[in-house]
Structure formats: structure tokens, C-alpha cells
Amino acid sequence: MPEKFLSDEWITEAKKIREEFAGKGTPPAHAVRMNQVITDVPFGDGTLNVHMDTSGGDLEFDLGHLDTPDLRRSSSTRTRRPACRPSWPARSRCRAT
């Protein structure tokens with residue numbers, strides 16, 4: 001059974017997938033450092049702080065915020081969840097988009 005979206009287990013699995021494919025794709029076209037606040041998370045305190053950083057030439061996605069982001073984005077799990085499709089192959093089922 002897939003892990004609950006954005007749970008600690010889901011994030012752990014997403015990190016494993018990113019590590020497995022690190023350096024194997026096309027480098028990001030743009031360097032972006034983004035902090036994200038995801039609200040309406042159905043566990044913990046209801047808010048998840050994450051970041052995405054492509055300034056090193058590969059995608060870095062992890063918990064917590066960067067000290068000097070280029071931008072900050074806020075969204076709810078209702079708007080994040082459509083990025084996950086159960087019909088997609090397991091390796092691409094839930095993208096951190």
C-alpha cells in the first residue's frame with residue numbers, strides 16, 4: 001500500500017527515488033531556491049515546511065526552509081495532491097511538484 005501523501009514515510013520513499021535517479025536526467029534549466037508551506041496536512045500540526053533547490057545543478061527537495069530562498073509558495077494538500085495519480089507507475093506515482 002502506498003504511503004500516506006506527505007507523511008514521513010512518503011518523504012523517505014521520495015528521497016530514495018530521487019537518490020536513485022540523481023544525475024541521470026537533464027539538469028534543471030533554471031536555478032531556483034524555493035520554500036514551500038503546505039497547509040491542511042492531515043497529521044502533525046497541519047502544516048509542512050519544505051524546500052526545493054536546483055541551484056546546485058540537480059533537484060534537492062527536503063523538509064525545512066532555506067535561509068535565502070528566491071521565492072516562497074504556499075498551497076494546501078488539496079492543491080498538491082492532484083500531482084499524485086494511482087494509475088501512474090510506482091516510481092512516478094507521487095511527484096513533488
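Bear in mind these aren't lab numbers, they're just calculated from the coordinates by the rules spelled out. Being a predicted model, the structure only gives us computed values, none of them experimental. Here the Cβ is made from the backbone with ideal geometry for all residues, glycine too, and neighbour counts use every protein chain on show.
Cross-link partners among aspartates and glutamates for LYS4, C-alpha distance below 18 Å, same-chain residues fewer than 8 apart left out?
Excluding near neighbours in sequence, the set is GLU13, ASP40, ASP45, ASP62.
Quick one: if you take sqrt(5λ) for each eigenvalue of the C-alpha gyration tensor of the stretch 8-80, what semi-axes come out, biggest first, whole angstrom? Could the numbers behind the result be given before it?
Values: eigenvalues 98, 52, 18 Å².
Ellipsoid semi-axes (Å, largest first): 22, 16, 10.
Near LEU59, within a Cβ-to-Cβ distance under 10 Å, what is the net charge of the other residues, with Lys and Arg +1 and Asp and Glu -1? Numbers along the way, then the final one.
Details: positive: ARG18; negative: ASP53, ASP58, GLU60.
Around LEU59, the surrounding residues sum to -2.
Show me the trypsin sites (Lys or Arg not before Pro) within the stretch 17-76 that DSSP assigns to loop and that have at most 13 other Cβ atoms within 10 Å of their Cβ. It would help to have the intermediate numbers written out before the result.
On the way: sites: ARG18, LYS24, ARG33, ARG72, ARG73; in loops: LYS24.
Hits after loop and neighbour filter: LYS24.
Students often forget the sequence filter, so: which lysines lie under 20 Å Cα-Cα from LYS24 once same-chain residues fewer than 8 apart are removed?
In chain and number order, the partners are LYS15, LYS16.
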